[in-house]
Structure formats: C-alpha cells, structure tokens
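For reference, the structure discussed in these notes is given below.
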Amino acid sequence: MGGGHRHNVGRRYRRGRRLQGSSRAVVAVVGTLLALLVFFALFGVFITQYVPLWMTDNEAQFTAQTQESFATLKSDVDLQAALGGPPSFGTPFVMSSQGIPLLAQPTAGTLNFNPKSPGVFANVSFTPGPGNSARLYQNLSLGTIAMTLANRYYSPQQFSFEDDAVLQAQAPTQQLVAYPPSLNINVTGSQVGVTLSLVQLLGNSTQAISTGTQEVFTHYVLSQSYTANDSLRPVSATLLLGTDYACGWYTFFVQEFQKTGIGSHAVLPSTSPCSGITNFLPSTLQVTFNNLASFTLVLAEFTVVIGVGVE
C-alpha cells in the first residue's frame, strides 16, 4: 500500500509539471499574439493618419518651392530685359517632393517648355503708331514654361510662365496671376499712360521628368520699345491675348483697372471667361484701352534651355 501510494504521488507530480509547462507555452503564445496585435494596430494608425499628414506637408513644401522657382525666373527675366543683360541666368527647379522611406514614394513634377504653345499668343495694335505713323501691329507666339504637380495628398497644382506673368491654377475655375506682368498704368489727372511689356520665349521644346533639380537657363536676346503719344489726338490700343488661363488673366485686369481707376479708359468682355469653364483649353481675351495720352509697348526676346541638375 505504501509503495503504491508513493507511486501515485509521483505520477501526480509529473502530471502537474506537464500542465505547468503547457500553461507557460500558452501564455507565451498569447503574449506574442497580443504584442503583434498592438504593433499592427499602431502601424495601421501610423499608415492611415500620420503618413497622409507627413506627405501633405512634403507636397505643400514642394508646391512652395515650385512657386518660388517661378518667382525667381520672372525676376531674372525682368532684370535682364530692364538692363539688357546679364546674357544668361539659371533658375533651379526642384523636380520632386520628399518621400517617406519604405512607406511613400516622392511625388514627381513635370516641367515643360514649349516655344509655340497652341493658342498662346499676343496681338497688340495701337493708333496712331510711333511718330504719328499708321496703326502698328505686333503678333507674337509667346512660348510657355509650365510645371504640373500631380500631388496625391495636397491639392494638384499647375504653374505657367507666359507673357512675363506667373499663373497658378488648382482647377479650371481656380486660377490666379501669382506674379503679375510688367503692366504700368500712370494716371495724372485725366491723362492716362499705359506701358505694356511682352516676353517671347524661343528655343527647342523640352520636357523634363526626373528627381533632383533641373536648371532653366534664360538667355537674353534683345528688347524693342514702341511709343505713341500724339498730343493732338488720343491713343487707342488693343491687346488680344490667347491663353490657357483666361480666367486668371481676366481677374487680374479687372483688379488692375479697379485699383488704378481707369475703368472709363479700358474695356474687357462683358462676360467673364470664368463662368462655365471646365478645362484648360486655350481661349482668347481682349483688352481695349481708349483715350490714352500715351501707350508704350516693350518687346523682349529670350531663348530658353533646360539642363539637368544634380540631386
């Protein structure tokens, strides 16, 4: 009896050890699963919440960098036209946003130079011409430098440098002249003088899609000036502008006329091109200046070259 009792106690002891080891294994598995669940929950929150916020900041910074590059480009062109040089300037354009390692790819931009963009032109005429001559006509294909930012988290943007102005758009009906052209309106009593500058971009069509930066070089060619100021009769001038951003241009001219108070001297179409617009197809905008004391047209020509920068 005593030996059997000891044998039973030993068997119960061994069975207890097996159960204790099994419990420890179950606890380890459950702990691992809970740790994985916590990790995936936190990782899911990071992916769905912080990555979009992070990339939104990256793309907003990319948009600001692009806007700054276009502002620098315009400033360089204006300086070259005003001084007749330096012969060449280079403006760097950042071509992509920052990404998030292993989680989100950078957002790339597309940079285009087109010296003869379809439907983008300027036709200027004024009477009398320089030196009281006959009516003067100037018709130019302006050329454009444009950059498209197909942002995934921030609002997609389009920038364009045309006719010495930087235009920015988020949608066909959301357009603005971010940096205006050289349009000077001088009002002295009832006398109004207008100076209009047009910039023509020449060269080979180029498209750039890359990382790092791209250099946009502007090479000054020439400037010409035409002035009409007949003391015996008023001067009238008409600007016919072909553009993909008629809404932005229309808003700019309306604000400029209101600011300078020359509404009686300038006429725009009675119907705004901003209404009913659904795309960026070229359209034509006409601006007429009447009863001017003087009108000056300044034409400047540049060749554009896009070169590869460094990362």
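The values are calculated or read from the model by the stated rules, or taken from the named source; none is laboratory data. Small disclaimer: the values here were computed from a predicted structure and weren't measured. Every residue, glycine as well, gets a Cβ built from its backbone with ideal geometry; the counts of neighbours run over all protein chains shown. Areas reflect the complete protein model, heavy atoms only, side chains present, ligands, DNA and RNA absent. Shrake-Rupley method; radii C 1.70, N 1.55, O 1.52, S 1.80 Å.
Out of everything in the range 92-108 that is within 18 Å of Ser69 (Cα to Cα) and free of Cβ contacts under 8 Å to residues at least 60 places away in the same chain, what residue ends up being surrounded by the most Cβ atoms within 10 Å (Cβ to Cβ)?
Selected residue: Ser97.
Could you count how many residues in the range 274-298 are of a type outside the set (A, V, I, L, M) and either in a strand (DSSP E or B) or closer than 17 Å to Asn123 by Cβ (or both)?
Within the range 274-298, residues that are of a type outside the set (A, V, I, L, M) and either in a strand (DSSP E or B) or closer than 17 Å to Asn123 by Cβ (or both) number 11.
Quick test for you: out of Phe289, Phe295, Phe253, pick the one residue that is touching a Phe, Trp or Tyr at 6+ places or on another chain (Cβ under 6 Å) and either closer than 26 Å to Gly131 by Cα or not hydroxyl-bearing (Ser, Thr, Tyr) (or both).
Checking each option against the conditions leaves just Phe295.
Pull up the range 114-134, narrow it to residues that are of a type in the set (Ser, Thr, Tyr) and at pLDDT below 85, then point me to the one that is least open to solvent (accessible area, probe 1.4 Å).
Across the range 114-134, the extreme among qualifying residues is Ser117.
Can you tell me which of (1) in a strand (DSSP E or B); (2) over 30 Å from Thr91 (Cα atoms); (3) open to solvent by less than 20 Å² (accessible area, probe 1.4 Å); (4) of a type outside the set (Gly, Ala, Ser) is the one Thr227 doesn't meet?
(3)
State the number of residues belonging to the range 151-174 that are of a type outside the set (Ser, Thr, Tyr), closer than 26 Å to Leu240 by Cα and touching a residue at least 60 places away in the same chain (Cβ under 8 Å). Write out each step before concluding.
Residues of the range 151-174 of a type outside the set (Ser, Thr, Tyr): 151-152, 156-159, 161-172, 174.
Subset that is closer than 26 Å to Leu240 by Cα: 158-159, 161-172, 174.
Now drop any that are not touching a residue at least 60 places away in the same chain (Cβ under 8 Å), which leaves 158-159, 161-169, 172.
Here the count works out to 12.
Of the numbered conditions (1) in contact with an Asp or Glu (Cβ under 9 Å, 6 or more places away or on another chain); (2) surrounded by fewer than 20 Cβ atoms within 10 Å (Cβ to Cβ), Leu240 satisfies every one except a single condition; which is it?
Single failed check for Leu240: (1).
I'd like to know if the range 187-200 contains one or more residues that are on the phi > 0 side of the Ramachandran plot and open to solvent by 30 Å² or more (accessible area, probe 1.4 Å).
There is at least one residue in the range 187-200 that is on the phi > 0 side of the Ramachandran plot and open to solvent by 30 Å² or more (accessible area, probe 1.4 Å).
Among the residues in the range 219-236, are any modelled with pLDDT of 90 or more and within 30 Å of Asn279 (Cβ to Cβ)?
No, the conditions are met nowhere in the range 219-236.
With (1) more than 17 Å from Arg135 (Cα to Cα); (2) outside any strand (DSSP E or B) as the list, and Leu198 as the residue in question, which single condition is left unmet?
(2)
From the list Thr173, Thr144, pick out the single residue that is buried (at least 17 other Cβ atoms within 10 Å of the Cβ) and more than 12 Å from the chain's Cα centre (by Cα).
So the residue among Thr173, Thr144 that is buried (at least 17 other Cβ atoms within 10 Å of the Cβ) and more than 12 Å from the chain's Cα centre (by Cα) is Thr144.
Would you mind stating whether Val194 is in contact (Cβ under 8 Å) with a residue 12 or more places away in the chain and more than 24 Å from Phe159 (Cβ to Cβ)?
Yes: the conditions hold for Val194.
Of the residues Ser270, Ser283, which is open to solvent by 40 Å² or more (accessible area, probe 1.4 Å), modelled with pLDDT of 85 or more and under 20 Å from Thr173 (Cα atoms)?
Within the list Ser270, Ser283, the selection yields Ser283.
Quick one: would you say Leu79 is free of Cβ contacts under 8 Å to residues at least 40 places away in the same chain and either in a loop (DSSP other than H, G, I, E, B) or open to solvent by less than 10 Å² (accessible area, probe 1.4 Å) (or both)?
Considered against the rule, which asks whether it is free of Cβ contacts under 8 Å to residues at least 40 places away in the same chain and either in a loop (DSSP other than H, G, I, E, B) or open to solvent by less than 10 Å² (accessible area, probe 1.4 Å) (or both), Leu79 comes out as no.
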